[in-house]
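Engineer: Dropping a structure here in structure tokens format, bear with me for questions.
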Amino acid sequence: MDWPLVLRKRNACGLHRRAGTRILAALICCGMAVAQSSTQQEASKPLSIRATHLLGFENAKSNCNGTLSLQDDSLQFQKTGESGEHIKIGSVRNIFLGEQSRQVGGLRMTLGEAATPYGGGRVVSLFAHKEYDVLTLEYVDSDGGIHGAIFQLVKGQADVVKHELTARGAVISPPADQSKHNVAETGNENK
């Protein structure tokens with residue numbers, strides 16, 4: 001057996017393995033850098049969603065439609081063609097989510113439900129409802145006063161807004177401790 005030839009083959013295989021490992025490590029590092037830069041771009045990207053302002057903002061009318069947007073460090077509600085009202089995202093102290101079902105179709109749908117014979121109006125009313133998300137914000141003004149604002153959004157959009165607000169620095173208080181309340185209830189059930 002020719003030992004110098006065997007050693008050369010082993011060294012050549014080792015060089016290929018080391019080069020492959022280096023290339024793989026470089027690709028992983030590049031992939032992580034690209035993922036990190038795209039995450040930073042997504043965090044600074046403005047978000048704009050159609051919403052209905054139910055109440056809370058001083059200069060916005062109740063039950064008016066407009067756009068709820070997140071730009072840089074502020075949350076803004078703006079009715080089309082008018083100046084909007086905004087608050088700093090850092091001033092948000094709590095975010096509450098809810099759901100609401102609302103009948104659509106107006107007077108015509110109501111009359112159609114009433115006129116449908118044999119209780120068929122109940123079936124019609126099942127299809128005459130639309131579900132919405134309700135987003136409630138609790139925030140602090142520059143003087144330290146606590147305020148709230150309530151918005152109605154298309155189903156599924158409130159979670160997106162909450163996630164974006166928390167990603168941009170909104171502080172959410174932990175929910176009230178329910179464990180003590182639940183323990184007291186279970187203790188009474190055993191008696």
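Engineer: Answer yes if at least one residue in segment 60-68 is closer than 22 Å to ILE146 by Cα, surrounded by 15 or more Cβ atoms within 10 Å (Cβ to Cβ) and modelled with pLDDT of 80 or more, and no otherwise.
Structural biologist: Taking every residue of segment 60-68 in turn, at least one turns out to be closer than 22 Å to ILE146 by Cα, surrounded by 15 or more Cβ atoms within 10 Å (Cβ to Cβ) and modelled with pLDDT of 80 or more.
Engineer: Let me ask you something else. Quick one: what pairs do we get from segment 137-163, first residue closer than 26 Å to LYS45 by Cβ, second part of a strand (DSSP E or B) and polar (S, T, N, Q), C-beta under 6 Å, 6+ apart or different chains?
Structural biologist: Final answer for the pair search is GLU138/ASN94; ILE150/THR136; GLN152/THR52.
Engineer: Would you confirm whether or not segment 128-143 contains a residue that is among the aliphatic types (A, V, I, L, M), at pLDDT below 75 and surrounded by 10 or more Cβ atoms within 10 Å (Cβ to Cβ)?
Structural biologist: Yes, there is a match, as at least one residue in segment 128-143 is among the aliphatic types (A, V, I, L, M), at pLDDT below 75 and surrounded by 10 or more Cβ atoms within 10 Å (Cβ to Cβ).
Yes/no matrix, rows are residues, columns are (1) in the same structural domain as THR136 (by TED's automatic domain parsing); (2) assigned to a helix (DSSP H, G or I); (3) at pLDDT 85 or above:
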{"residue": "ALA12", "(1), (2), (3)": "no, yes, no"}
{"residue": "GLU58", "(1), (2), (3)": "yes, no, no"}
{"residue": "LEU75", "(1), (2), (3)": "yes, no, yes"}
{"residue": "GLU82", "(1), (2), (3)": "yes, no, no"}
{"residue": "GLY90", "(1), (2), (3)": "yes, yes, yes"}
{"residue": "ASN94", "(1), (2), (3)": "yes, no, yes"}
{"residue": "LEU107", "(1), (2), (3)": "yes, yes, no"}
{"residue": "GLU113", "(1), (2), (3)": "yes, yes, no"}
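The values are calculated or read from the model by the stated rules, or taken from the named source; none is laboratory data. Computed from a predicted model, the values in this text were never measured in an experiment. Virtual Cβ from ideal backbone geometry, glycine too; neighbours counted across all protein chains shown.
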